[in-house]
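> Mind looking over this structure? Questions follow.
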Amino acid sequence: MDKKLLKKRIAIAAKKIPADIVIKNGKIVDVFNQEIIEADIAIADGVFAGIGSYQGEFIIDAKGKYVTPGFIDGHVHIESAMVTPAEFANVVLPHGVTSVVADPHEIANVSGIEGIKFMFDGSENIPLNVFFAIPSCVPATPFENNGSSLLALDLLPLYKHERVVSLGEVMDFPAVLNGDEDMIDKLLDAMSQNKVIDGHAAGVDQNGINVYTAAGIHSDHECTTAEEAKDRLQRGMYVMLREGSASRDLKTLLHAVNETNARRCLFVTDDKHLDDLIEEGSIDHNVRVTIEQGMKPITAIQMATINAAECFGLKNKGAIAPGYDADFLLLDNLESVDVLETFVKGISIAKNGKCVSEYKNAARPTGRIINSIQMKDITSDELTIELNHGQKANIISIVPGSIVTKHVVMEVDALNGKFQSSISDDLLKMVVIERHNQLGNVGLGILQGLGLNSGAIATTIAHDSHNIVAAGTNDEDLLVAVNCIKEMSGGVVVVDNGNVLASLPLVISGLISDKDYKTVNTGLHKLNNALGSLGFSGDFNPFITLSFMALPVIPEIKLTDLGLFDVKSFKHISIKSEETISSNR
């Protein structure tokens, strides 16, 4: 840092000169000792300089409010909010999130290095501190087609960016287990750059966690049971407690957390839709739920701040203490976690649920990013699933509130050798259509549990390769939905009886809108309202749930553009089960 600034900070700490800013009459949350301190806080050039009794050029009267460090989201895909980084900041800053570790692997799977650089550029000159994890698995697996492939040599130059702190979630466990050369190079490059390596250990057993930790991978956000969380903690991993839109694992995982091991736990949202962020919150919601479940408030705040900072080596984040960045919140109390005001570098950024001023960024997507829908036209014949009466089928069964699915084998309705959707059994046709390189691939499957009585829904948000994914009760509406997606260069659509009831264009790589967050939120509400016309009445988000039905690294069974995929055996399988009920019916 600048010598003059350091001398000034020392002089302020020593009370030789007045501080730039002094916070008075606040109750300081000490995340190190888990205590409440009543003292002044001195700030010099956006950094805390001292705790005690201070005079300053400008006084912030906390009026008895609690002063906590700004919250940190330890793992988030900004693309899942469907807005640019600047618009994302406008949403999460009022919820007390002052720093995030963003993994741009969603846009990377569509637009490669160009997409990553768009996220870098789009997060410049905004008050939200956006740190980055470099995507490690693009594509996620070799069992699907995406828009880009990033090798170790492609990633290496990205470490030069000052806000890159880690190698992002390593989800290709077989590549690690088998010592794949390029994966080993990615791990070693991250180590040589002194970067953290994130894990993605969905369904990985204890010995698999041994493999991951031996490989230098030190965190996981894919735990879904308390036992899995404990296995990872025992082996030295940080455990990320996730509460997103599709994966609501927090309450279950908290059974593994106690006052002794909580310092190795942190909060993440991973994938959370914009409307959920606005209405429910971000990391502030995780903190509230944790307190409601019986954890001490200061421990919950510790998990949301210093734990995340230490996990990623963010030495100047996560605490109210000299030498730490003056990113802090004012709270009325420690139970409800209502954020009254958010400060970044000592400056008031958001107050009473709104940003003081809305933030924009001049970054503009390139033509390749905008024109990401490169697909062949499809016909109704390509949507046919050939099945006979008496034939059992392999089915993807949704687990509400989770991205994990169940592999179900059962008899389905068929007419003239073709599968027929069944409203009574909640069995719908699902399709994944390659949309990056005009390959013409159409993956077909049967989905149980989406809860539509008519029509179809479709989206280009289909983790992680982000092909077009659609599900519906009839082929006509499926075709209308897919064609609408193509016409609007990506997005989300609801169709019924051949009519488009609602749509939301996402022209940036088919994932992100170029509009402001308010416009996007209005569009999402229209989509959600349109679901009522299709008879949906579930207590989960069907759009984000459907988007994860194409992710072949999450158990038990998923669908890619190459067909049905059994995650346990890590291979494609037929829709037709080998088991039959009868030869004729």
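Nothing in this text is a laboratory measurement; each read-out follows from the coordinates by a stated rule. These figures come from a predicted structure and were not determined experimentally. No Cβ is skipped: glycine too gets one built from the backbone with ideal geometry, and neighbour counts run over all protein chains shown.
> Quickly estimate the mean residue ellipticity at 222 nm for the chain, helices only: each DSSP H run with n ≥ 4 gives -39500 (n - 2.57), and the total goes over all residues, rounded to 500. Don't jump to the answer; show the numbers that get you there.
Values: 17 runs with 148 residues, N = 585.
Rounded to the nearest 500, the figure is -7000 deg cm²/dmol.
> Still on this structure, please answer the following. To the nearest 20 debye, what charge dipole does the chain have about its Cα centre, counting +1 at the Cβ of each Lys and Arg and -1 at the Cβ of each Asp and Glu?
Dipole about the Cα centre, nearest 20: 1700 debye.
> Still on this model: Return the sequence-ordered ³J(HN,Hα) values of the stretch 511-521 in whole Hz as given by the Karplus equation 6.51 cos²θ - 1.76 cosθ + 1.60 applied to θ = phi - 60°, using x for Gly and Pro.
With the stated coefficients, the stretch 511-521 comes to 10, 10, 7, 8, 9, 6, 5, 5, 5, 5, 4 Hz.
> Search the structure for amide H atoms under 5 Å from the amide H of residue 560, placed 1.01 Å from N in the peptide plane, and list their residues when 5 or more places away or on another chain.
HN-HN under 5 Å from residue 560: 565.
> Same structure again: Along the charge dipole of the stretch 152-225, Cβ charges K/R +1 and D/E -1, which of 165, 178, 217 sits furthest on the positive end?
165
> Further question on the same structure: Take 238, 324 and order them by how many other Cβ atoms sit within 10 Å, fewest up front.
Ranking 238, 324 by Cβ neighbours within 10 Å, fewest first, gives 324, 238.
> Let me ask something else. Order of 84, 405 from fewest to most other C-beta atoms within 10 Å?
In order of increasing Cβ crowding within 10 Å: 405, 84.
> Under the 0.36 nm per residue contour assumption, what length would be gained going from the current alpha-carbon distance of residue 251 and residue 125 to full extension? It would help to have the intermediate numbers written out before the result.
Details: separation 126, 0.36 × 126 = 45.36 nm, distance 3.60 nm.
So the extension gain works out to 41.8 nm.
> For Cα pairs less than 8 Å apart in space and 6+ apart in sequence, what is the mean separation divided by the residue count of the stretch 35-139, i.e. the relative contact order in percent?
Relative CO of the stretch 35-139 lands at 22 percent.
> Continuing with this model, one more query. Where a Cα-Cα gap under 17 Å defines reach, which lysines qualify for residue 315, not counting those fewer than 8 residues away within the same chain?
Of all the lysines, those that pass the test against residue 315 - Cα under 17 Å, at least 8 places apart if same chain - are 195, 345.
> Now for a different question. I need to check one value: relative contact order of the stretch 49-208, counting alpha carbon pairs closer than 8 Å and at least 6 residues apart, in percent.
Reported as a whole number, the value is 17 percent.
> To continue, here is another question. Relative contact order for the chain: what is it in percent, counting Cα pairs under 8 Å that are at least 6 residues apart? Don't skip to the end; give the middle numbers.
On the way: 1462 pairs, mean separation 88.3, N = 585.
Relative contact order, the chain: 15 percent.
> Between the stretch 35-68 and the stretch 364-397, what is the C-alpha centre distance in whole Å?
That distance is 57 Å.
> Let me ask another. Do any GluC sites (Glu not before Pro) in the stretch 291-368 lie in a DSSP loop with no more than 14 other beta carbon atoms within 10 Å, and if so, which?
335, 358
> In what sequence do 501, 415, 277, 151 fall when counting other Cβ within 10 Å, fewest first?
Working: 501 19, 415 9, 277 25, 151 13.
Ranking 501, 415, 277, 151 by Cβ neighbours within 10 Å, fewest first, gives 415, 151, 501, 277.
> In addition: Ratio to report: Rg/Rh of the chain, with Cα atoms as the point set and Rh obtained by the Kirkwood method; give two decimals.
Details: Rg = 24.6 Å, Rh = 24.6 Å.
My calculation puts Rg/Rh at 1.00.
> Starting from the amide H of residue 576, placed 1.01 Å from N in the peptide plane, find each other amide H under 5 Å away whose residue is 5 or more places distant or on another chain.
Placed amide hydrogens put 394 under 5 Å from residue 576.
> Within the stretch 122-195, report the trypsin sites (Lys or Arg not before Pro) that DSSP leaves as loop and that have at most 16 other Cβ atoms within 10 Å.
Working: sites: 160, 163, 186, 195; in loops: 163, 195.
Sites meeting the loop and neighbour criteria: 163.
> Shape of the stretch 368-580 from its Cα gyration tensor (a ≥ b ≥ c, root eigenvalues): rounded if a/c is under 1.5, otherwise prolate when a/b > b/c, or oblate? Don't jump to the answer; show the numbers that get you there.
Numbers: a/c = 1.58, a/b = 1.43, b/c = 1.11.
Taking the square roots of the gyration eigenvalues as a ≥ b ≥ c, the stretch 368-580 is prolate.
> According to the Cα gyration tensor, what semi-axes, each the square root of 5 times an eigenvalue, does the equivalent ellipsoid of the stretch 71-318 have, listed from largest to smallest in whole Å?
26, 22, 16
> Counting only residues 5 or more places away or on other chains, whose amide H sits under 5 Å from the amide H of residue 349 once H atoms are built in the peptide plane?
Result for residue 349 returns 342, 343, 344.
> Further question on the same structure: Distance check, please: which entries in 317/354; 27/296; 65/518; 4/360 exceed 21 angstrom between their Cα atoms?
Beyond 21 Å between Cα atoms: 317/354; 65/518; 4/360.
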